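A short worksheet on the structure shown next.
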Amino acid sequence: MKIKKLSLAFAMACAFGAGGAQAATEIQWWHSMTGALGERVKVIADGFNASQSAYKVVPVYKGGYADSLTATIAAVRAGKAPDIVQVFEVGTATMMAGKKVIKPVYEVMAQAQEKFDPKSYMPAVTSYYSDTQGRMLSMPFNSSTPVFFYNKDAFKKAGLDPNKPPTTWDDVEVAANKVKDAGMACGFTSGWQSWVQLETMSAWHNQDFATEQNGFGGLDAKLVFNNQLIVRHIAKLSSWVKTGLFTYAGRSNQPEAKFYGGDCAMLTSSSAAYANIKRNAKFEFGVSQLPYYADVKGAPQNSIIGGASLWVMAGKKPDEYKGIAKFFTYMSKPEIQAEWHQLTGYVPITKAAYELTKKQGFYEKNPGTDVAIQQLLLRNPTKSSKGIRLGNFVQIRGIIDEELEAVWAQKKGPKQALDDAVARGNAELRKFERANKGAR
């Protein structure tokens, strides 16, 4: 009997830990990363979990960015919000307006007494996620910017210099014609058409996308992207659709498969496409700066960030916040950020990670992988090029996508479609303004 009691006690000690040790505090992290990116998210979480035993970060895929934001809003209303949620940059204004449902990162880090210096992060990234006092509201995570990818093998076959990618949109047209003549099914395609061809196109040429400093200056901003530059650009792409130079293949990252599958010779999309392109492409490819219109004064200016940041939700226990703060400290380490940057194509969120990557010789071994950073730092951002922070931007992007699709289908002219997108988008801005007066 004594032996049985001793065995039972020993078994309980093994199961629950000597001295009644508590189970690790679980931190639920909702994200939208798939494929190679989803695998890297798991690696980061597993690395943190293995580095200590008090906390366990559990990454949960919640669908694409828009789906995840919708799920988060529903979870907040039901009182079942996750601890951390990844929200794309166009959801920033929505998250900022929900002051009672989020806990600012600067507060989380200060209360946990974790070492935290906002100046150690890339200014082009942190400024987007900070309030007017420069305090970081969310933790930058996967920050990217649009870049230009091209198939070097296709360029060689078409008699083009594979080491001289197009620099202007006229150059792209010349290259597209040559690769088409050489047998390529498609000259050019683009992912994330609103972000790349309207939002970044505006900043890259130092043009306003909206008034009030693209929304940073107030809720009464109005869309103004139906200007001469953007009408001209969409008209050019529309003419390319007719001649087969431009192939539209979807609103988000679907067109990337057209590039790495070998159908299209050129692609504009997120710098984060690098991971999947490198994994899937059966040809040599290059990465270059975005094309621009040489006759627009001051172009190119600087590109703007996309991607997402991590928001901490309100109403959690002190121990959970302490774990979140420690996780943010872990993921901001130079070696963690450098690896994330090098394997995904997202820009490093800290200066130390950028310097470490340079020191390791990564950019020399992988030409083009620093293009995204060079574009973001090309010139000091202006009021027209520091980014876009508008309410109901998810809905506005949907409207832009619809109107552009009407252009590609030859159902609307470029000017009419852009005028309609501005009118419909401004109606969404007014809805947001009425609902959130006094929120900022």
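The values are calculated or read from the model by the stated rules, or taken from the named source; none is laboratory data. Predicted, not measured: the structure shown is a model, and the values here were computed from it. Here the Cβ positions follow ideal geometry from the backbone for every residue, glycine too, while neighbour counts run over all protein chains shown. Heavy atoms of the whole protein, side chains included, go into the accessibility calculation; ligands, DNA and RNA do not. Shrake-Rupley method; radii C 1.70, N 1.55, O 1.52, S 1.80 Å.
Kindly indicate the residue of the stretch 392-435 that is out of contact with any helix residue (DSSP H, G or I) (no Cβ under 6 Å at 6 or more places or on another chain), in a helix (DSSP H, G or I) and among the small types (Gly, Ala, Ser) and also least open to solvent (accessible area, probe 1.4 Å) among those meeting that condition.
So, considering only residues that are out of contact with any helix residue (DSSP H, G or I) (no Cβ under 6 Å at 6 or more places or on another chain), in a helix (DSSP H, G or I) and among the small types (Gly, Ala, Ser), the one least open to solvent (accessible area, probe 1.4 Å) is GLY398.
Please specify each residue of the stretch 104-151 satisfying the condition of being farther than 30 Å from ALA176 by Cα, part of a strand (DSSP E or B) and in contact with a Leu (Cβ under 7 Å, 6 or more places away or on another chain). Break it down into steps so the answer makes sense when it comes.
Our first condition is that a residue be farther than 30 Å from ALA176 by Cα; within the stretch 104-151, this holds for 104-142.
Right, trim to part of a strand (DSSP E or B) and you get 121, 130, 136, 139-142.
Correct list: SER130, MET139, PHE141.
Give the residues of the stretch 108-137 that are surrounded by fewer than 17 Cβ atoms within 10 Å (Cβ to Cβ) and of a type in the set (Gly, Ala, Ser), sorted by residue number.
ALA110, SER120, GLY134
For the stretch 278-296, state whether one or more residues are buried (at least 21 other Cβ atoms within 10 Å of the Cβ), more than 18 Å from the chain's Cα centre (by Cα) and under 26 Å from GLY64 (Cα atoms).
no
Taking the stretch 365-383 as the region of interest, how many residues are modelled with pLDDT of 95 or more and surrounded by fewer than 18 Cβ atoms within 10 Å (Cβ to Cβ)?
0
Go through the stretch 107-135 residue by residue and tally those that are touching a strand residue (DSSP E or B) at 6+ places or on another chain (Cβ under 9 Å) and over 28 Å from ARG379 (Cα atoms).
First, the residues of the stretch 107-135 that are touching a strand residue (DSSP E or B) at 6+ places or on another chain (Cβ under 9 Å): 107-109, 116, 118, 120-122, 124-126, 128-130.
Subsequent filtering for residues that are over 28 Å from ARG379 (Cα atoms) retains 107-109.
The qualifying residues number 3.
Can you pull out every residue in the stretch 272-297 that is outside any loop (DSSP other than H, G, I, E, B), among the small types (Gly, Ala, Ser) and at pLDDT 95 or above? Don't jump to the end; show me each part of the working.
Quick first cut of the stretch 272-297, residues outside any loop (DSSP other than H, G, I, E, B) only: 272-280, 285-288, 292.
Imposing the further condition that a residue be among the small types (Gly, Ala, Ser) reduces the set to 272-273, 275, 286, 288.
Matches in the stretch 272-297: GLY286, SER288.
Taking the stretch 65-91 as the search range and keeping residues that are crowded, with 20+ Cβ neighbours inside 10 Å and charged (D, E, K, R), which one is nearest to GLY215 (Cα to Cα)? It would help to see each step written out before you state the result.
Step one: of the stretch 65-91, the residues crowded, with 20+ Cβ neighbours inside 10 Å are 65, 68-69, 72, 81-91.
Within this subset, residues satisfying the condition of being charged (D, E, K, R) are 83, 89.
Numbers: ASP83: 28, GLU89: 13 Å.
My answer is GLU89.
Look through the stretch 352-361, keep the residues that are on the phi < 0 side of the Ramachandran plot and free of Cβ contacts under 8 Å to residues at least 24 places away in the same chain, and return whichever of them is most open to solvent (accessible area, probe 1.4 Å).
Restricting to residues being on the phi < 0 side of the Ramachandran plot and free of Cβ contacts under 8 Å to residues at least 24 places away in the same chain, the top hit is LYS359.
Among the candidates ASP181, ASP131, single out the residue that is of a type in the set (Asp, Glu) and under 22 Å from the mean Cα position of the chain (by Cα).
On the way: ASP181 fails: under 22 Å from the mean Cα position of the chain (by Cα).
When all the criteria are applied, what remains is ASP131.
Condition first: within 21 Å of the chain's Cα centre (by Cα), under 20 Å from ILE399 (Cα atoms) and among the hydroxyl-bearing types (Ser, Thr, Tyr). Can you find one or more residues in the stretch 257-267 that meet it? It would help to see each step written out before you state the result.
Within the stretch 257-267, the subset within 21 Å of the chain's Cα centre (by Cα) is 257-260, 266-267.
Narrowing the set further to residues that are under 20 Å from ILE399 (Cα atoms) leaves none.
Taking every residue of the stretch 257-267 in turn, none turns out to be within 21 Å of the chain's Cα centre (by Cα), under 20 Å from ILE399 (Cα atoms) and among the hydroxyl-bearing types (Ser, Thr, Tyr).
Which one of these does LYS56 not meet: (1) within 21 Å of the chain's Cα centre (by Cα); (2) not in a loop (DSSP other than H, G, I, E, B)?
(1)
So in the stretch 172-194, with the set limited to residues that are among the aliphatic types (A, V, I, L, M) and not in a loop (DSSP other than H, G, I, E, B), which one is most open to solvent (accessible area, probe 1.4 Å)? Reasoning before the result, please.
Residues of the stretch 172-194 among the aliphatic types (A, V, I, L, M): 172, 174-176, 179, 182, 184-185.
Retained after the next criterion (residues that are not in a loop (DSSP other than H, G, I, E, B)): 172, 174-176, 179.
Working: VAL172: 0, VAL174: 79, ALA175: 4, ALA176: 0, VAL179: 0 Å².
Only one residue fits best here, namely VAL174.
Quick one: how many residues across the stretch 207-262 are under 27 Å from SER32 (Cα atoms) and either part of a loop (DSSP other than H, G, I, E, B) or open to solvent by less than 10 Å² (accessible area, probe 1.4 Å) (or both)? Outline the logic, then answer.
If we filter the stretch 207-262 for residues that are under 27 Å from SER32 (Cα atoms), which is where we start, we get 209, 214-216, 247-262.
Then keep just the ones that are either part of a loop (DSSP other than H, G, I, E, B) or open to solvent by less than 10 Å² (accessible area, probe 1.4 Å) (or both); that gives 209, 214-216, 247-255, 259, 261-262.
Residues that pass the stated criteria total 16.
I want to confirm something. Restricting to the stretch 301-331 and keeping residues that are open to solvent by 20 Å² or more (accessible area, probe 1.4 Å) and part of a loop (DSSP other than H, G, I, E, B), which single residue is nearest to GLY387 (Cα to Cα)?
Selected residue: ALA314.
Going residue by residue through the stretch 138-160, is there one that turns out to be open to solvent by less than 10 Å² (accessible area, probe 1.4 Å), of a type in the set (A, V, I, L, M, F, W, C) and within 30 Å of ASP83 (Cα to Cα)?
Scanning the stretch 138-160 turns up at least one residue that is open to solvent by less than 10 Å² (accessible area, probe 1.4 Å), of a type in the set (A, V, I, L, M, F, W, C) and within 30 Å of ASP83 (Cα to Cα).
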